[in-house]
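The values are calculated or read from the model by the stated rules, or taken from the named source; none is laboratory data. Please read these numbers as outputs of a predicted model, since none were measured by experiment. Virtual Cβ from ideal backbone geometry, glycine too; neighbours counted across all protein chains shown. We work out accessible area using only protein heavy atoms, side chains counted, and drop any ligands, DNA or RNA first. Shrake-Rupley method; radii C 1.70, N 1.55, O 1.52, S 1.80 Å.
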Amino acid sequence: MRFSTLFAPTLKDDPTDAEVVSHKLLVRAGMIRQIARGIYDYLPLGLRVLKNVENIVREEMNRAGAQELLLPAVCPAELWQESKRWDVYGKELLRLKDRHERDFCIGPTHEEVITDVVRSAVRSYRDLPLNLYQVQTKFRDEIRPRFGLMRGREFLMKDAYSFHTDKADCEREYRHMFEAYERIFRRCGLEFRAVEADTGAIGGSLSHEFQVLADSGEDAIAACSACSYAANVELAALGEPTPDALTEEVSVELQRVATPSQRTVEDVSSYLDLPVDRFIKTLIFEKDDGSPVAALVRGDQTLSEAKLRAALGCEWVRLAEADTVHEVTGASVGFAGPVGLDAPIVADLSLHGIRGAASGANSDDEHLVGVEHGRDFGTGVTFADLREAVAGDRCPRCGEGTYAIHRGIEVGQVFYLGTKYSNALGATYLDAEGQTKPIEMGCYGIGISRTMAAAIEQSHDDDGIIWPQPLSPYPVEIIPVSLTDAAVVETAEKLDAALREKGHEALVDDRDERAGVKFKDADLIGIPLRVTVGKKGLEKGIVELKHRADGTVEEIPIGEAPARLVEKIG
RNA sequence: CGGGGUGUAGCUCAGACUGGUAGAGCACUGCGUUCGGGACGCAGGGGCCGCAGGUUCAAAUCCUGUCACCCCGACCA
């Protein structure tokens, strides 16, 4: 490809509407343009990267025995009404009407549509198992799209769905897909962790997320230093707390103290001059059945809603509104506490046996100090693992390592769905005994466009993108330093032709620009291998090979260049 | 949806408080010089100042409304 004809409008300045580095660099490198919030144009260079990710995913899915199909982006409402998600999904689902006023939506995910195809075609256990996937543009009308391609509204996704006669076979396929995903992200040249995950709104009971490690990631992952266990901090298991100063604290008298307008743990902590870990944080939640529940964690801990849901065994919980809080506690938000509270209480394990603690007094502008579990509260309290994991927590799986916290970008997720959708939509098969049974399902997603952005978040420097070789829009960039030197131009062209003959298309910067401009654009665009052809080198019979990642330069005899490059491209 | 911010040339931004009819740098076009890390000179082209109302002799500037985009929050593969 000749740069002189390439449509790659590079920019010197960061666009004002971009915040994260992948968004800035993709726009500056002329790979994408924003056309509306969360919606982007893919320009030629960007599309090549996207296709590289897509092709790796496709090859590995096919290798794993899945079959590609393509479902419609615009889906009839009926299927969504059947699964109840027409009502449950909310505003994130983009709805539209056709000319006959019939309801449709733009598919944000395709469980309903694929289940419809399968229920209409699969009759017998002999037709199973099946694994069907597609690569398709999805639309989710996010409340707040941000971070460029990392959380767009329109995005490219690979979604696969598998269908089985029983749970055991579905779990087999789940593991099979898990391994395929490991191959995919390894082939993309990404540093990632597969972590245990919450199953969220899609439902099901077993799930792993594939997280690309990057400091800018939205998710926090706890990974054990000794074993292979890793999980989202919201879910990372925590064992019984070791006895510490808080439970060995001597018993003191319960006292009511005035704390005017001191609502947050930090406020009260500094007002009373007590460390935050001596506080019992009391959060009032509303459950899916509408009833209130109080959740307790220590002042220095963060409550995990996912763990709370699991402890309560309910579909969802949400923080109660101010008037509900007032009804339950008799006080404004900020003064709740477990003592004398007339509501079910779930407390984190670390609060078991706590003494000399502080909490809200269920009365405006008042807190309690000297609070003691067992003496002052405890009846009707259940204890559970409720808090998010933090660095240094002991891993209960192996009992040896401790957690380190990494930031991650979720690029893929695998779910065991069970019969949630097959039951809702009546997808059944006849078993060998002629009995009608619901089909067991799994689903497996990869954010293709998000993976492209995650690669940049993980791999860039002040000068621009550093693509992993497998994702790079071109494997090599060739820069003839001067266009007026016939030998330089000819050498560059011959090298380009030699590479083409070996099946690799290089990007040749044949623009009539000064060398500095070409070097700057090359760094920005981030092709991992750069060959500089210049007069000085030719006099020595060499071209220079510069590695984008570490800046190292090798001098290569002209004749050896094609072979050496092919070797490095791999 | 709540809070905050920004809309002026392709890009990054001045100008607004104090109303008088549009600017800079980069990019672009032409000529010349230059040519291995974003060159220089000269000469050019390009904007209904987001949109719609209003005030005024006069509005980018003041007022009202509206739309778009960005950030924080709630929410979320």
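Values for this structure:
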quantity	calculated
Top-ranked residue in the stretch A:245-266 [being open to solvent by 60 Å² or more (accessible area, probe 1.4 Å) and among the acidic types (Asp, Glu); ranked as modelled with the highest pLDDT]	A:Glu253
Entirely in the stretch A:88-160, the strands (runs of 3 or more DSSP E) that have 3 or more residues that are of a type in the set (A, V, I, L, M, F, W, C)	A:103-106, A:130-139
Filter result (within 18 Å of A:Thr329 (Cα to Cα) and at pLDDT 90 or above) within the stretch A:367-402	A:His367, A:Leu368, A:Val369, A:Val371, A:Asp376, A:Phe377, A:Val381
Single match in A:Glu321, A:Glu327 (criterion: open to solvent by 40 Å² or more (accessible area, probe 1.4 Å) and either among the polar types (S, T, N, Q) or within 14 Å of RNA strand B (Cβ to nearest atom) (or both))	A:Glu321
So A:Ala347, is it more than 16 Å from RNA strand B (Cβ to nearest atom), hydrophobic (A, V, I, L, M, F, W, C), open to solvent by less than 40 Å² (accessible area, probe 1.4 Å) and touching a helix residue (DSSP H, G or I) at 6+ places or on another chain (Cβ under 6 Å)	no
Candidate set from the stretch A:166-176 (those that are of a type outside the set (D, E, K, R) and open to solvent by 40 Å² or more (accessible area, probe 1.4 Å)); member that is farthest from A:His208 (Cα to Cα)	A:Ala168
Criterion (closer than 17 Å to A:Ile448 by Cβ and open to solvent by 60 Å² or more (accessible area, probe 1.4 Å)) met by exactly one of A:Glu179, A:Glu154	A:Glu154
Residues (closer than 15 Å to A:Val233 by Cβ and modelled with pLDDT under 90) located in the stretch A:282-302	A:Asp300, A:Gln301, A:Thr302
Scope the stretch A:9-29; condition open to solvent by less than 70 Å² (accessible area, probe 1.4 Å) and either within 11 Å of RNA strand B (Cβ to nearest atom) or without any contact (Cβ under 8 Å) to a residue 24 or more places away in the chain (or both); matching residues	A:Pro9, A:Thr10, A:Leu11, A:Pro15, A:Ala18, A:Val20, A:His23, A:Lys24, A:Leu25, A:Val27, A:Arg28, A:Ala29
The stretch A:279-318, residues that are within 16 Å of RNA strand B (Cβ to nearest atom), of a type in the set (Lys, Arg) and in a strand (DSSP E or B)	A:Lys281, A:Lys287, A:Arg318
Filter result (of a type in the set (D, E, K, R) and either open to solvent by 20 Å² or more (accessible area, probe 1.4 Å) or under 20 Å from the mean Cα position of the chain (by Cα) (or both)) within the stretch A:447-495	A:Arg450, A:Glu457, A:Asp461, A:Asp462, A:Asp463, A:Asp485, A:Glu490, A:Glu493, A:Lys494
Selection from the stretch A:499-514 of residues that are surrounded by 12 or more Cβ atoms within 10 Å (Cβ to Cβ) and either of a type outside the set (D, E, K, R) or within 16 Å of RNA strand B (Cβ to nearest atom) (or both)	A:Leu499, A:His504, A:Ala506, A:Leu507, A:Val508, A:Asp509, A:Asp510, A:Arg511, A:Glu513
Subset of the stretch A:82-102 [open to solvent by 80 Å² or more (accessible area, probe 1.4 Å) and more than 28 Å from the chain's Cα centre (by Cα)]	A:Lys97, A:Arg99, A:His100, A:Glu101, A:Arg102
Candidate set from the stretch A:324-353 (those that are within 35 Å of the chain's Cα centre (by Cα) and in a helix (DSSP H, G or I)); member that is farthest from A:Gly299 (Cα to Cα)	A:Thr324
Close pairs from the stretch A:349-378: first on the phi > 0 side of the Ramachandran plot, partner assigned to a strand (DSSP E or B), Cβ under 6 Å, at least 6 apart	A:Gly353/A:His373; A:Gly356/A:Gly370; A:Gly370/A:Gln255
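One line per residue, one yes/no per condition, for (1) away from RNA strand B (no atom under 13 Å from the Cβ); (2) charged (D, E, K, R); (3) assigned to a helix (DSSP H, G or I):
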residue	(1), (2), (3)
A:Asp496	yes, yes, yes
A:Gly516	no, no, yes
A:Phe519	no, no, yes
A:Asp523	no, yes, yes
A:Thr532	no, no, no
A:Leu538	no, no, yes
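Condition check ((1) within 16 Å of RNA strand B (Cβ to nearest atom); (2) more than 21 Å from A:Tyr444 (Cα to Cα); (3) among the aromatic types (Phe, Trp, Tyr)) across all residues:
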| position | (1), (2), (3) |
| --- | --- |
| A:Glu78 | no, yes, no |
| A:Ser83 | yes, no, no |
| A:Tyr89 | yes, no, yes |
| A:Ser120 | no, yes, no |
